[in-house]
Amino acid sequence: MNALSRRWIYVAVVYFCLAVGLGVFMGASGDHRMMSVHAHLNLLGWVTLSLVGIIYHYFPRAAASRLASLQFWLHNLALPVMMVALAMKITGTLQAGPVLGVAAMVLLLAVLLFAGNLFWRRA
Ligand code: HEM
Ligand code: HEM
């Protein structure tokens, strides 16, 4: 497996631990306000990063491109900011809204880079 795929998968596992930890906390406490943080940590973190890592394994030309590395950093800088901003907004800090919006757009950009990279550099 190439180094880039491994990097996506290692980070995915970290999101998995955080997301399931939060899920157990929500279940145990009965406080489900963080449901959306939990859902997106799992789906944009654990599930998406694992899939991207596995897909890059099968698209080595795309994995070797600078775009793939840029996508990795954009996704993994935007997602933590987005999750913290979402948690703050849910708990009443409405000023976190614009940060949430910008982080979501950066994340969208990372997703579009992924799509472009896969189509342009098919293995
Ligand atoms: C031990 C593991 C987990 C626990 C204890 C847990 C717990 C919870 C809890 C308490 C909720 C809130 C339910 C509600 O208020 O209606 C929830 C929602 C959710 N969880 Fe988990 N979860 C776990 C693992 C996962 C995993 C692995 C995923 C995805 C890969 C996931 C995806 C979701 C999603 C998408 C929702 C939102 C569901 C909806 O829209 O109604 N969870 N989880
Ligand atoms: C930048 C990317 C994304 C943004 C900005 C986003 C935004 C949102 C928003 C605004 C909601 C409604 C929340 C509410 O009604 O309280 C939502 C819900 C949901 N999204 Fe996303 N989403 C993104 C990516 C994804 C992805 C990639 C998945 C799955 C692979 C996903 C799965 C879900 C699920 C299961 C729900 C329902 C559970 C919940 O309310 O949190 N989302 N998302």
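How much of the accessible area of segment 3-120, probe 1.4 Å, is carbon plus sulfur, in whole percent?
Numbers: 5110 of 6570 Å².
Carbon and sulfur together cover 78 percent of it.
Quick one: grab the alpha carbon gyration tensor of the chain, order the square roots of its eigenvalues as a ≥ b ≥ c, and give me rounded if a/c is under 1.5, else prolate or oblate depending on whether a/b is larger than b/c.
Oblate is the answer for the chain, as a/c is 1.5 or above yet b/c matches or exceeds a/b.
When the surface is traced with a 1.4 Å probe over the full set of protein chains, H38 keeps roughly 40 Å² accessible. With protein chains left intact and a 1.4 Å probe, residues in the chain average 57 Å² of accessible area per residue.
In deg cm²/dmol and to the nearest 500, what is the mean residue ellipticity at 222 nm of the chain if only DSSP H runs of at least 4 residues count, each as -39500 (n - 2.57), divided by the residue total? Each step should come with its number before you reach the end.
Working: 6 runs with 98 residues, N = 123.
After summing the helix terms and dividing by residue count, I get -26500 deg cm²/dmol.
Looking at the chain, identify the longest residue range that excludes and avoids all trypsin sites (Lys or Arg not before Pro) in DSSP loops having at most 16 other Cβ atoms within 10 Å. Longest run free of exposed loop sites: 34-120.
When only alpha carbons are used to place a centre, segment 89-116 and segment 1-43 end up 17 Å from one another.
The values are calculated or read from the model by the stated rules, or taken from the named source; none is laboratory data. Since we're looking at a predicted model, the values are computed, not measured. For neighbour counting, all protein chains shown are included, and Cβ atoms are generated from backbone atoms with ideal geometry for every residue, glycine included. Only protein heavy atoms, including side chains, enter the accessible area calculation; ligands, DNA and RNA are left aside. Shrake-Rupley method; radii C 1.70, N 1.55, O 1.52, S 1.80 Å.
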